[in-house]
Amino acid sequence: NAGVTQTPKFQVLKTGQSMTLQCAQDMNHEYMSWYRQDPGMGLRLIHYSVGAGITDQGEVPNGYNVSRSTTEDFPLRLLSAAPSQTSVYFCASTSGRTFYNEQFFGPGTRLTVL
Amino acid sequence: KNQVEQSPQSLIILEGKNCTLQCNYTVSPFSNLRWYKQDTGRGPVSLTIMTFSENTKSNGRYTATLDADTKQSSLHITASQLSDSASYICVVSFLSGAGSYQLTFGKGTKLSVIP
């Protein structure tokens, strides 16, 4: 199993550009999430999905869109990049909604918006 | 507001020594508490998960404790190794108003183990 994979690993954008961060998992997990990690702050939830076709907002959803057409993939779209979106983005998956399930994280995408 | 506070922010110890990291939380309603290890440039990796009824849980040289009454947890690392150099993140799970389990992350303690 590859676990949770993310592409690209690094990306530089100009303000106003759009892009999609890819996330895939091969563990047949229902629950997937996107987080951002900024210096001096804990990880913050952007969006999450409890299954194909179902998504919901997290703590910091503004400026981001998600969709979940398959169990495996959960892409994160930046509609119009802003310097405030410079961050490291992590995708994670969990085997279910039960409270005890371990969450597996991808390796992250480091995004810089100029 | 749900919060997770970790101390110290950073710590330097000699290889072979023990250390203890602290976590205080105000998350409610509490579901479980997790400790993650995050190597530089990598995603977090789970070390332990504890519910309110579990006082201690071990994973090799890592031992986590939980006092649900005082809302405190600690992570003890025994006989540290250079590979223990990483950030250690305390995470508390709670049941959100939407009926799903969400996580509140601490800022982490950056541990450096030196020869």
In the range A:26-51, how many residues are polar (S, T, N, Q) and away from chain B (no Cβ under 11 Å)? 1
Between a first residue in the range A:4-27 that is assigned to a strand (DSSP E or B) and a second residue that is surrounded by 15 or more Cβ atoms within 10 Å (Cβ to Cβ) and of a type in the set (Lys, Arg), which pairs have beta carbons less than 8 Å apart while being 6 or more apart in sequence or on different chains? A:10/A:110; A:11/A:110
Restricting attention to the range B:98-115, and to residues there that are over 11 Å from the mean Cα position of the chain (by Cα), assigned to a strand (DSSP E or B) and of a type outside the set (Lys, Arg), which single residue is farthest from residue B:1 (Cα to Cα)? B:114
For residue A:44, are the conditions met, namely being in contact with a Lys or Arg (Cβ under 9 Å, 6 or more places away or on another chain) and without any contact (Cβ under 8 Å) to a residue 40 or more places away in the chain? yes
Scan of the range B:6-61 for residues that are more than 14 Å from residue B:85 (Cα to Cα), without any contact (Cβ under 8 Å) to a residue 24 or more places away in the chain and hydrophobic (A, V, I, L, M, F, W, C), ordered by number: B:49, B:50, B:52
Tally of residues being within 12 Å of another protein chain (Cβ to nearest Cβ), assigned to a strand (DSSP E or B) and either hydrophobic (A, V, I, L, M, F, W, C) or exposed (fewer than 14 other Cβ atoms within 10 Å of the Cβ) (or both) across the range B:60-97: 6
Failed condition for residue B:100, given (1) at pLDDT below 90; (2) facing chain A (nearest Cβ under 8 Å); (3) crowded, with 17+ Cβ neighbours inside 10 Å, with all others met? (3)
Quick check on the range A:48-76: of everything there that is in contact with a Phe, Trp or Tyr (Cβ under 7 Å, 6 or more places away or on another chain), at pLDDT 95 or above and outside any loop (DSSP other than H, G, I, E, B), which residue is surrounded by the fewest Cβ atoms within 10 Å (Cβ to Cβ)? A:76
I want to confirm something. Restricting to the range B:103-115 and keeping residues that are closer than 18 Å to residue B:12 by Cβ, hydrophobic (A, V, I, L, M, F, W, C) and surrounded by 15 or more Cβ atoms within 10 Å (Cβ to Cβ), which single residue is farthest from the other protein chains (Cβ to nearest Cβ)? B:113
Restricting the range A:77-107 to residues that are under 20 Å from residue A:56 (Cα atoms) and of a type in the set (Val, Ile, Thr), the residue that is modelled with the lowest pLDDT: A:98
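The values are calculated or read from the model by the stated rules, or taken from the named source; none is laboratory data. None of the values given here were measured: they were computed from a predicted structure. Quick reminder, even Gly has a Cβ in these numbers, built from the backbone with ideal geometry, and neighbours come from all protein chains shown.
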